[in-house]
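Here is the structure we will look at.
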Amino acid sequence: MTLNDEYHDNPKPGVAHRLSDGGDTRNGGHRTGLFDRALWFDGLHRHCLTAQAPHIAYAADGGDAVKLYLVDNGRAGMLAMANWYSFIWRPVFGGNPDAIAKRALLETAARKLAKDTHRVIVSPVPDEDGSASLIAETFAAKGWLVTRTPCDENHVLHVGGRSFAQYWASRPGQLRSTVKRKGAKGVVDLRIETTFNAASWADYEAIYARSWKPEEGNPDFLRWLAQREAEAGRLRMGIASIEGQAVAAQFWTVENATAYIHKLAHDERHLQASPGTLLTHALFAHAIDTDHVDLVDFGTGSDPYKRDWMEDVRPRYRLELLWPKAPLAWPYMARHRMAGLAARFGKD
């Protein structure tokens with residue numbers, strides 16, 4: 001099923017519609033990226049979320065608009081159209097609305113959603129751009145009960161005009177020493193590809209199957225995503241080999257001066273050669289000195305190794321929105337009251 005992107009609140013299954021790839025680099029005044037594009041939501045739903053019907057809450061005024069990409073979760077309400085592949089989820093604005101216009105658009109969407117559902121849960125929502133605060137304040141103003149809690153963290157590097165050499169000089173000494181020693185041995189060969197290569201992708205899938213990472217997600221979705229991003233010139237695929245055999249691979253994309261690190265994997269049988277570390281070093285160098293990015297985004301998760309490469313951590317939020325006039329929302333409201341009482345008595 002292809003998502004209806006023609007500004008309807010509740011797309012009908014089985015009807016194909018042409019999707020916009022979101023060429024505008026603004027999201028109501030914010031830099032957009034992969035996770036704001038209609039194509040992203042279309043692929044994510046078709047490959048990963050087909051069991052849940054899509055619901056696009058939409059509002060427009062003049063040349064400005066907002067869309068909230070959601071999925072139906074039955075009697076439990078609605079959820080953000082997102083999963084572990086999503087670095088962020090937020091309202092997607094079209095045109096160039098100012099803060100007042102964005103609030104008005106979102107208020108209209110909140111009123112519409114109150115007629116369609118009793119509960120909406122969205123995550124991982126950023127707030128460095130004000131998205132979490134905007135959702136919470138707007139929905140609360142329209143009568144929704146809002147609970148906002150931290151749910152994850154996002155490690156990023158703000159390059160700040162530095163060259164790779166300047167950035168690298170600030171990394172931990174142990175990391176720099178590892179790269180210097182292992183690189184000098186010449187055991188690991190590195191390459192970075194900007195076009196989709198079926199053989200390289202097969203190497204990536206084989207490495208991932210042998211890596212420390214648990215089985216997860218949908219390999220077909222990642223392949224689809226890599227192919228689409230390659231067509232747009234945004235793919236950065238890194239492969240590390242030893243004696244002609246691929247032993248580490250990383251899937252990055254670059255756009256609008258941001259490098260996104262999607263997936264990385266290495267064959268644990270070759271840990272002594274540090275192919276993953278050497279490959280990360282090469283991709284950071286490429287992103288900073290060749291692509292001239294000003295931000296590197298390591299996605300969600302608090303993995304300790306990310307701290308060696310990144311300098312800042314940004315919170316991600318889960319927002320639960322309850323419509324108090326809907327009877328189906330009352331059990332959830334009761335649970336929140338009980339949790340609040342328990343927390344209050346626990347402090348006494």
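The values are calculated or read from the model by the stated rules, or taken from the named source; none is laboratory data. All figures in this text were calculated on a predicted structure; none of them were measured in a lab. Here the Cβ is made from the backbone with ideal geometry for all residues, glycine too, and neighbour counts use every protein chain on show. Each accessible area value is taken on the protein alone, full model and side chains, heavy atoms only, with ligands, DNA and RNA left out. Shrake-Rupley method; radii C 1.70, N 1.55, O 1.52, S 1.80 Å.
Of the residues L319, L278, only one is over 22 Å from the mean Cα position of the chain (by Cα), open to solvent by less than 20 Å² (accessible area, probe 1.4 Å) and of a type outside the set (G, A, S); which?
L278
Report, by residue number, each residue of segment 250-272 that is of a type outside the set (S, T, N, Q) and modelled with pLDDT of 95 or more.
F251, W252, V254, E255, A257, A259, Y260, I261, H262
Given (1) under 19 Å from the mean Cα position of the chain (by Cα); (2) on the phi > 0 side of the Ramachandran plot, where does V296 come up short, assuming only one miss?
V296 satisfies all of (1) under 19 Å from the mean Cα position of the chain (by Cα); (2) on the phi > 0 side of the Ramachandran plot except (2).
Pairs please, first residue from segment 308-323 and within 30 Å of H281 (Cα to Cα), second anywhere and aromatic (F, W, Y) and buried (at least 16 other Cβ atoms within 10 Å of the Cβ), Cβ atoms under 6 Å, 6+ apart in sequence or on different chains.
That search, which allows pairs on different chains as well, returns M310/F298.
Give segment 181-211 a look and list any residue that's assigned to a loop (DSSP other than H, G, I, E, B) and touching a strand residue (DSSP E or B) at 6+ places or on another chain (Cβ under 9 Å), or say none.
V187, T194, T195, F196, N197, S211
Search segment 29-49 for residues being open to solvent by 50 Å² or more (accessible area, probe 1.4 Å) and either at pLDDT below 95 or in a strand (DSSP E or B) (or both), and hand back the single one that is farthest from R223 (Cα to Cα).
Ranking the qualifying residues of segment 29-49, first place goes to G29.
Return yes or no: is Q250 assigned to a strand (DSSP E or B) and polar (S, T, N, Q)?
Spelling it out, Q250 is indeed assigned to a strand (DSSP E or B) and polar (S, T, N, Q).
Residues checked against (1) in contact with a helix residue (DSSP H, G or I) (Cβ under 7 Å, 6 or more places away or on another chain); (2) under 19 Å from K142 (Cα atoms); (3) of a type in the set (S, T, N, Q):
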site	(1), (2), (3)
H45	no, no, no
A57	yes, yes, no
M81	yes, no, no
W84	no, no, no
R90	yes, yes, no
K112	no, yes, no
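Counting only residues that are surrounded by 23 or more Cβ atoms within 10 Å (Cβ to Cβ) and either touching a Ser or Thr at 6+ places or on another chain (Cβ under 7 Å) or among the charged types (D, E, K, R) (or both), how many does segment 103-118 have?
2
Looking at D203 and the list (1) under 21 Å from the mean Cα position of the chain (by Cα); (2) within 16 Å of L279 (Cα to Cα); (3) free of Cβ contacts under 8 Å to residues at least 60 places away in the same chain, which single condition is not satisfied?
(1)
In this structure, does S123 turn out to be under 20 Å from T32 (Cβ atoms), of a type in the set (S, T, Y), crowded, with 20+ Cβ neighbours inside 10 Å and modelled with pLDDT of 95 or more?
yes
Here is a list of conditions, (1) under 17 Å from the mean Cα position of the chain (by Cα); (2) open to solvent by 20 Å² or more (accessible area, probe 1.4 Å); (3) at pLDDT below 95, and A339 meets all of them except one; can you say which number that is?
(1)
List the pairs whose first member sits in segment 144-171 and is closer than 21 Å to F87 by Cβ, whose second member is at pLDDT 95 or above and open to solvent by 70 Å² or more (accessible area, probe 1.4 Å), and whose Cβ atoms are under 6 Å apart, counting only residues at least 6 apart or on separate chains?
Note: pairs meeting the criteria are T149/R318; C151/R318; E153/V313; H155/V313; L157/E311.
Please determine whether any residue of segment 249-264 is in contact with a helix residue (DSSP H, G or I) (Cβ under 6 Å, 6 or more places away or on another chain), of a type in the set (S, T, N, Q) and under 20 Å from A209 (Cβ atoms).
Yes; the residues of segment 249-264 include at least one that is in contact with a helix residue (DSSP H, G or I) (Cβ under 6 Å, 6 or more places away or on another chain), of a type in the set (S, T, N, Q) and under 20 Å from A209 (Cβ atoms).
Could you list all residues from segment 126-148 that are of a type in the set (V, I, T) and open to solvent by 10 Å² or more (accessible area, probe 1.4 Å)?
Of everything in segment 126-148, those that are of a type in the set (V, I, T) and open to solvent by 10 Å² or more (accessible area, probe 1.4 Å) turn out to be V146, T147.
Looking for something among the acidic types (D, E), farther than 30 Å from L319 by Cβ and open to solvent by 50 Å² or more (accessible area, probe 1.4 Å) - is there at least one such residue anywhere in segment 150-170?
No, because not a single residue in segment 150-170 is among the acidic types (D, E), farther than 30 Å from L319 by Cβ and open to solvent by 50 Å² or more (accessible area, probe 1.4 Å).
Take the conditions assigned to a strand (DSSP E or B), over 27 Å from T178 (Cα atoms) and touching an Asp or Glu at 6+ places or on another chain (Cβ under 6 Å) and apply them to R318. Does it pass?
When the stated conditions are applied, R318 does not pass them.
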